[in-house]
Amino acid sequence: MVRHDAVSRSVQFNDKLIAFAKHWGFRPRACAPYRARTKGKTENGVGYVKKNAIAGHSFASWEAFEAHLAEWEREVANVRIHGTTGEAPIARFERDEAHRLKPLGGQPSFGSLRELARVVGNDCAVEIDTNSYSVPWRLIGERVAVTVAAGEVRIRHGMREVAVHKQSEGRRLRIIDSAHLDGVAGRNGAVYRPAIATPTVPAPSPLPSLLRPLAEYEAAIGGSF
């Protein structure tokens, strides 16, 4: 983990772990320290391997070392009676865990992970393998860290993850998250100055019906005044 808030109990996992978990299809879970019910005795296991399998041995090559560990695991570690569970680890594995494992399904190695550094351009994006991936516009000119793995492009500024994109298989494409452009003038197209409406001259009001030529009134009363 790269960050842990003890008050809110929120955590932020390392980008490599997130990419690795997505690649192999599992979800990481953070466990409190000194809590064997959830965390397990991982440190004790390391010590056991060091003292029982490695200490006092020497090996002519890495291959010889791996062969020794495989034999030790098979003949010693997996068949002993475990001090906590009271049974052989291989028996517990075959009964409770083996059926939960998923087939690899031809999934390629995770070794293709890349970590890069980029500076956010004036177009609110970073360029990776000729493609542009957007980041929040307020980071223009800032240096960001980029992790490319498991079909994703994850972008981080400092300790905060600011963008996640699906890795593009094309070239010279622009991958945009519209939320990254919120507040940018012209994000939906060119900006035009609104036209100033030309004031119109109001049409003359019709004359009131009582405003008539005097000759009409003279005719109505039978002659002139």
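The values are calculated or read from the model by the stated rules, or taken from the named source; none is laboratory data. Small disclaimer: the values here were computed from a predicted structure and weren't measured. FYI the Cβ positions are ideal-geometry reconstructions off the backbone, even for glycines, and counts take in every protein chain you see. Only protein heavy atoms, including side chains, enter the accessible area calculation; ligands, DNA and RNA are left aside. Shrake-Rupley method; radii C 1.70, N 1.55, O 1.52, S 1.80 Å.
Here segment 93-138 has 52 percent of its accessible surface on carbon and sulfur atoms, given a 1.4 Å probe and all protein chains in place. Under 5 Å from the amide H of Ala125 lie the amide H atoms of Val135, each residue being 5 or more positions distant or on a separate chain, with H modelled from the backbone and absent for Pro and chain starts.
Please compute the length gained on full extension between Asn78 and Asn44, using 0.36 nm multiplied by the number of residues separating them and subtracting their Cα-Cα distance. Provide the component values of the computation, followed by the final result.
Working: separation 34, 0.36 × 34 = 12.24 nm, distance 1.54 nm.
Fully extending the segment from Asn78 to Asn44 adds 10.7 nm.
Take every Cα pair under 8 Å in segment 5-112 that's 6+ residues apart, average their separations, divide by the length, and report that relative contact order as a whole percent. RCO, segment 5-112: 17 percent.
Just to make sure I understand: if all protein chains stay in place, what is the order of Tyr133, Tyr34, Tyr48 by accessible area at 1.4 Å, largest first? Please report the intermediate quantities before stating the final value.
Details: Tyr133 5, Tyr34 225, Tyr48 60 Å².
Highest to lowest solvent-accessible surface, that is Tyr34, Tyr48, Tyr133.
So which of Lys16/Lys102; Lys51/Lys102; Lys16/Lys50 end up more than 29 Å apart, counting from Cα to Cα?
Numbers: Lys16/Lys102 21 Å; Lys51/Lys102 32 Å; Lys16/Lys50 26 Å.
Those over the limit are Lys51/Lys102.
Using heavy atoms of the protein chains and a probe of 1.4 Å, the accessible area assigned to Arg118 is about 70 Å².
Around the amide H of His82, modelled in the peptide plane, lie the amide H atoms of Glu87, Ala88, all under 5 Å away and 5 or more residues distant in sequence or on another chain.
Would you mind calculating the gained length between Arg29 and Arg3 on full extension (0.36 nm times residue separation, minus the Cα-Cα distance), in nm to one decimal? Display every interim value, and only then the final one.
Numbers: separation 26, 0.36 × 26 = 9.36 nm, distance 1.37 nm.
Residue separation times 0.36 nm, minus the Cα-Cα distance, leaves 8.0 nm.
Protein-only accessible surface at a 1.4 angstrom probe places the residues Ser8, Ser58 in the order Ser58, Ser8, largest first. Stretched out straight at 0.36 nm per residue, the stretch from Val119 to His57 would grow longer than its current Cα-Cα span by 17.4 nm.
Around Val126, under 12 Å between beta carbons, what's the net of Lys plus Arg minus Asp minus Glu among the other residues?
Details: positive: Arg118, Arg143, Arg154, Arg156, Arg174; negative: Asp123, Glu127, Asp129, Glu142.
Neighbour charge sum, excluding Val126 itself: +1.
Phi-derived couplings, Karplus 6.51 cos²θ - 1.76 cosθ + 1.60 at θ = phi - 60°, listed residue by residue for segment 157-168: 10, x, 9, 10, 7, 10, 7, 9, 10, 6, 5, 7 Hz, with x used for Gly and Pro. Taking Cβ atoms as reference points and 14 Å as the exclusive limit, the residues near Phe65 contribute a net charge of -3, counting Lys and Arg as +1 and Asp and Glu as -1.
Since only Ala53, Gly105, Val126 are under comparison, the one whose Cα sits farthest along the positive direction of the charge dipole of segment 39-176, derived from C-beta charges on Lys, Arg, Asp and Glu, is Val126. Here the 3J(HN,Hα) profile of segment 21-34, calculated from phi with Karplus coefficients 6.51, -1.76 and 1.60 at θ = phi - 60°, is 5, 5, 4, 9, x, 9, 10, x, 9, 8, 10, 5, x, 6 Hz, Gly and Pro shown as x. For segment 1-153, the extents of the C-alpha atoms along the principal axes are 63, 44, 33 Å, listed from largest to smallest.
Sorted on the mean count of surrounding Cβ atoms within 10 Å across their residues, most packed first, peptides 161-170, 70-79 read 161-170, 70-79.
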